Amino acid sequence: MSANLRPSRRRSAPAVATVAVVAALALTATACGPEDSNADSEPSASKSSAPEDDKKRDLGLPEKLPKDLPTSLKDLDKWRNGAWKNWDRDEWLRQAKEFINPIIEDLWDPDRMKDADGNDREVDDGEIDDGGSGGDNGTGEDEGVTDPTPARVKAEQVKLPYTKSSPPVGKVFMDTPKGPMVCSGTVVTDPAHPGKSNLVATAGHCVHAGKTGGWFRNVVYVPRYNPKGLSNAQLETAKQKDVAPDGVWWAKYAGTTDHWIKEGSKAGGGGAPQDFAVMKVQPENKKAGPSLQETVGKAAKVNFNTPRVKGISGLTPHGYPAAPPFDGAKMLSCTGKPGRLTIDPGQPTMYRVGCTMTGGSSGGGWLTPSGRQLLSVTSIGPVQGGWLAGPRIGKDAKGVFDAIAKK
């Protein structure tokens with residue numbers, strides 16, 4: 001399911017064939033995006049003047065920028081100073097070929113976070129054959145199988161307060177053509193930087209709109225959002241430390257699969273079997289300091305081996321559901337033995353569990369009983385709720401992960 005949609009006063013809201021996006025440009029504000037980007041289209045840093053290097057650091061951008069950066073760094077300043085509010089849909093679609101995410105200090109204040117809508121993708125149960133195709137299709141594998149609809153499992157609130165012993169889960173905020181929206185995300189380990197990861201796993205649709213759009217803008221990650229479990233009414237006047245105790249982390253790089261970019265759809269299951277994304281983040285203040293993993297206290301290891309369903313004792317999706325009856329303020333989870341769901345016979349069969357979480361939980365990590373491994377992220381769920389499905393992340397997802405991790 002995509003990020004949740006709920007009324008608010010600000011409402012507006014995955015082979016190695018991988019799309020790795022370089023944070024650089026800065027021209028629009030939304031949570032959807034069009035064509036895939038070319039991560040190789042970057043001029044050498046030596047072409048930048050000293051003032052430009054200073055400006056890039058000030059904006060939290062990487063040293064290398066895309067060749068098609070419109071008019072040097074002046075546009076980035078315009079974006080940061082409010083031009084993102086004046087986006088035009090056609091212009092946004094054109095510019096969103098590159099992941100553009102300059103840091104805008106204090107943009108995501110507690111009030112704006114509270115009002116962000118869920119960016120969820122829902123399916124109608126009528127679109128899915130839930131009769132179950134039984135067995136393991138005679139091949140000893142899960143592919144092409146759809147098991148009967150799982151029983152509803154009531155989402156339970158994660159124990160308060162959220163501390164370093166809690167699941168390494170938080171909220172992902174982004175600006176989209178429809179306005180500010182929200183998803184969920186999980187801090188994951190980085191093999192190249194043991195114990196010091198700055199990587200976050202989420203759903204592809206939480207950073208890119210799929211076949212009808214492009215990359216979203218002003219994408220940030222807030223670990224352990226609302227650790228005391230305050231109500232939305234209380235969040236209106238809450239201090240920053242009670243909303244974002246570990247700070248706001250801006251996505252410097254983001255990547256999702258080619259399949260999601262080419263086939264991802266707002267409704268239904270298009271692109272869902274590879275609806276996976278990775279972000280490399282940095283603190284809003286851009287100051288050198290502890291990594292995200294060190295700050296949060298833990299991270300989950302992504303398992304790209306696509307374990308067979310019968311070998312999994314249980315999976316626990318986590319997230320911040322925001323569609324009714326939930327309000328997006330608290331972290332919830334569901335635990336159950338996963339079943340199989342085939343959306344596209346040409347793509348990997350998905351995992352599915354019974355769960356009443358709704359929109360806003362999209363992108364949240366599916367952790368093993370130990371909480372040490374992540375096997376999937378929430379992608380879709382039915383309009384009426386009752387179950388969630390996530391991709392069996394494999395070689396395509398690993399291609400995305402490796403490309404972003406080495407940035």
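What's the exposure ranking of 84, 215, going from fewest to most Cβ atoms within 10 Å?
By the 10 Å Cβ count, ascending, the order reads 84, 215.
List every residue whose amide H lies under 5 Å from the amide H of residue 328, counting only residues 5 or more places away in sequence or on a different chain, with H placed 1.01 Å from N in the peptide plane.
Result for residue 328 returns 322.
Could you calculate the contour length gain from residue 178 to residue 312, that is, 0.36 nm times the residue separation minus the distance between their Cα atoms, to one decimal place in nm? Walk me through the numbers before you get to the answer.
Working: separation 134, 0.36 × 134 = 48.24 nm, distance 3.82 nm.
This chain segment gains 44.4 nm when fully extended.
Between residue 78 and residue 285, what length in nm is gained on full extension when 0.36 nm per residue of separation is reduced by their alpha carbon distance?
Separation in residues times 0.36 nm, less the Cα-Cα distance, equals 72.6 nm.
Provide 284, 143 in ascending order of the number of other Cβ atoms located within 10 Å of each residue's Cβ, fewest first.
Fewest to most other Cβ atoms nearby, the residues stand as 143, 284.
List every residue whose amide H lies under 5 Å from the amide H of residue 190, counting only residues 5 or more places away in sequence or on a different chain, with H placed 1.01 Å from N in the peptide plane.
Hits under the 5 Å cutoff: 195, 196, 197.
Specify the inter-centroid distance of region 141-210 and region 301-365, based on alpha-carbon positions, in whole Å.
Distance between centres, Cα-based: 9 Å.
At residue 237 and residue 57, where each label point lies 7 Å from the Cα along Cα→Cβ, what is the point-to-point distance in nanometres?
Label-label distance for residue 237 and residue 57, simple model: 4.2 nm.
Sorted by mean Cβ packing within 10 Å, highest first, what order do the peptides 317-327, 175-185 take? Please report the intermediate quantities before stating the final value.
On the way: 317-327: 25.5, 175-185: 28.4.
Put in order of decreasing packing, that is 175-185, 317-327.
So who's got an amide H within less than 5 Å of the one on residue 248, skipping anything under 5 residues away but keeping other chains? H placed 1.01 Å off N, in plane.
Amide H neighbours of residue 248: 284.
Does region 229-387 come out rounded, prolate or oblate, given a ≥ b ≥ c as the square roots of the eigenvalues of its C-alpha gyration tensor, rounded meaning a/c under 1.5 and, failing that, prolate meaning a/b above b/c?
prolate
Arranged by the count of other C-beta atoms within 10 angstrom, fewest first, what order do 349, 237, 257, 342 take?
Working: 349 26, 237 10, 257 29, 342 23.
By the 10 Å Cβ count, ascending, the order reads 237, 342, 349, 257.
Lysine pairs in region 296-407 with Cα distance under 29 Å, only those 8 or more apart or on different chains: how many are there?
Within region 296-407, the lysine pair count is 23.
Between residue 337 and residue 211, take the C-beta separation as r, use R0 = 30 Å, and let me know the FRET efficiency to the nearest 0.05.
0.35
Bear in mind these aren't lab numbers, they're just calculated from the coordinates by the rules spelled out. Everything quoted here is computed from the prediction, not taken from an experiment. Ideal geometry is used to build each Cβ from the backbone, glycine not excepted, and the neighbour counts take in all protein chains shown.
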